[in-house]
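Participant: What follows is a single structure, and I will ask about it in a moment.
The values are calculated or read from the model by the stated rules, or taken from the named source; none is laboratory data. A quick note: this is a predicted structure, and the numbers were derived from the prediction, not measured. FYI the Cβ positions are ideal-geometry reconstructions off the backbone, even for glycines, and counts take in every protein chain you see.
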Amino acid sequence: MKNADFREFNGDKSILLQCKFMDGEDRKELKKVISKSRNKNPNSKGYIPISFKGKYMARNRAVIMVNFNCILPREIHIHHINGKKSDDRLKNLAVLRDYDHLSLHSAGKRSKK
């Protein structure tokens, strides 16, 4: 997995500029955890769960953290562009603030009615 640059970034770039950087060893270890999770089944919500440093998170968050070398705060959400929650390819992930993510999904629900 190579480092991504901002040309591959979907979402608000200013979000990542506000994040704390990951420690190099943590980043390496998280890359290994992501690699080992390739054949894991999604949980009941459709996400691929991983465990890192005794905490559970969705693999999509880990993919963003590793590729952009940052620790994501809870209020930052990862949106799956194609709607498939287990598709954690970088080009399918957009980084959004929680309220932007909620309004995006709320707008989708209103337009389906």
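Participant: Every residue in region 12-29 that is touching a helix residue (DSSP H, G or I) at 6+ places or on another chain (Cβ under 7 Å) and surrounded by 12 or more Cβ atoms within 10 Å (Cβ to Cβ), please.
Facilitator: Result: L16, M22, R27.
Participant: Quick test for you: out of K32, K91, K84, K45, pick the one residue that is surrounded by fewer than 17 Cβ atoms within 10 Å (Cβ to Cβ), part of a helix (DSSP H, G or I) and at pLDDT below 95.
Facilitator: Going through K32, K91, K84, K45 in turn, the sole match is K91.
Participant: To continue, here is another question. Which one of the conditions (1) touching a residue at least 24 places away in the same chain (Cβ under 8 Å); (2) surrounded by fewer than 16 Cβ atoms within 10 Å (Cβ to Cβ); (3) out of contact with any Lys or Arg (no Cβ under 9 Å at 6 or more places or on another chain) does L96 fail to meet, given that it meets all the rest?
Facilitator: Here L96 clears every test but (2).
Participant: Restricting to region 15-29, name every residue that is part of a loop (DSSP other than H, G, I, E, B) and under 21 Å from R97 (Cα atoms).
Facilitator: Q18, C19, M22
Participant: Next up: What are the residues in region 62-81 that are closer than 17 Å to K28 by Cβ and either assigned to a helix (DSSP H, G or I) or of a type in the set (K, R) (or both), if any?
Facilitator: The answer is A62, V63, I64, M65, V66, N67, F68.
Participant: Something else about it: Considering only region 51-67, I want to know if a residue exists there that is among the basic types (K, R), loosely packed, with under 15 Cβ neighbours inside 10 Å and either at pLDDT below 90 or in contact with a strand residue (DSSP E or B) (Cβ under 9 Å, 6 or more places away or on another chain) (or both).
Facilitator: Checked against the condition, which is being among the basic types (K, R), loosely packed, with under 15 Cβ neighbours inside 10 Å and either at pLDDT below 90 or in contact with a strand residue (DSSP E or B) (Cβ under 9 Å, 6 or more places away or on another chain) (or both), region 51-67 yields no hits at all.
Participant: Of all residues in region 50-73, how many are without any contact (Cβ under 8 Å) to a residue 12 or more places away in the chain and not hydroxyl-bearing (S, T, Y)?
Facilitator: Qualifying residue count, region 50-73: 3.
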